[in-house]
Amino acid sequence: MAKVRYTYNEETCRYEPVVISPKVAGRKLLLFLGISFLIGVAGLIYFNSRYPLIDETLQASKNDKLKTEWKVLYKQLERTSSQLSTLEQNDDNNYRVILDLEPLAESQREAGVGGREKESESIPYPLIRTAYERAEKIKNRLDIEAQSLQQLMNELTNKEKMWASRPAIQPVSNKDLTHLHTIFGLRLHPLLGYVRPHNGLDFTAPAGSPVYATGDGRVEYAQFSTSYGNVVYIDHGYQFETRYAHLTKFIVTKGQRVKRGQVIGYVGNTGLSVSAHLHYEVLYKNNPINPINFFQRDLNNKEYEKLIEVGSMSASSLD
Ligand SMILES: [Zn+2]
């Protein structure tokens, strides 16, 4: 049975039962329900903060795993960047020095870096964006380095061709170093009877001894001349030319390509010459220069000194 509450009525001087109107009862019920709802929500928030839902727990675990993987990836990017730096330094400080090339300027190495910043701006995740930008910079540096290495390869090929082309051996066999008769410079001409520049070297050798091309090149002239006799000119490119005079005969023709060490003719005594020998010239930019400095493939320092000594003994040339 419901408990009845009484209140004292001063007008009637009596205790009378309290009558609750439906309106008041409804208001009290609403108040009760409101407070209950608020307590429920507060409890739920508290519970959720202390004990996340299973989905959230899984998501957090996935996030931790992704962060760990991102760190591994980023370390890998850093390592790649460091290896690339080593390659760039070797390129600038070693390979380019050997090939007489200037190191790449900083501005050249930085070319293209940052060109895709706008693209990365659309990535909403900061960590991913950072890694993306790092990878892009490495890729750009790698592109520049690949171009640089290609340039080095081209230069190396060119240098190899140049080194093969430059005169670098003696034009006749001279193992005992006794065959150099006359060196470069002013010498008395044996037939003309006066001193004049001797623009090459005279090597004594029996007539018929083989004469060798001293570098790779192309025969630009092979015929008889009054002063040189049978003579061969070889164009080596890079503004170098060699001449081989007073030959008994030559065995090459104009336009023919020859290799260093290839026999091009034989020692003789044709033209303005007093005995069988080879007159050998080296020209650079059409000017005769001293051939004695172009035997680096044949001679060490001691042999070089001996050759000069032997060649200096004669006061006159043989042509
Ligand atoms: Zn000579």
Query - Considering residues of region 249-296 that are on the phi > 0 side of the Ramachandran plot and open to solvent by 60 Å² or more (accessible area, probe 1.4 Å) only, the residue nearest to the ligand (Cβ to nearest atom) - result: Asn286
Requested in this report: May I ask you to list the residues in region 184-216 that are within 20 Å of Thr270 (Cα to Cα) and under 46 Å from the mean Cα position of the chain (by Cα)?
Outcome: His198, Asn199, Gly200, Leu201, Asp202, Phe203, Pro210, Val211, Tyr212, Ala213
Report task. Considering only region 236-316, give the strands (runs of 3 or more DSSP E) lying wholly within it that have at least 3 residues that are in contact (Cβ under 8 Å) with a residue 40 or more places away in the chain and assigned by TED's automatic domain parsing to the domain that holds Asn199. Result -> 240-250, 263-267, 277-284
Report task. Examine region 120-128 for a residue that is at pLDDT 90 or above and aromatic (Phe, Trp, Tyr), and state whether such a residue exists. Result -> no
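The values are calculated or read from the model by the stated rules, or taken from the named source; none is laboratory data. Nothing here was measured: the structure is a model prediction, and the numbers come from that model. Cβ sites come from the backbone with ideal geometry, for glycine too, and all protein chains shown count toward neighbours. Heads up: the accessible areas ignore ligands, DNA and RNA and are worked out on the full protein's heavy atoms, side chains in. Shrake-Rupley method; radii C 1.70, N 1.55, O 1.52, S 1.80 Å.
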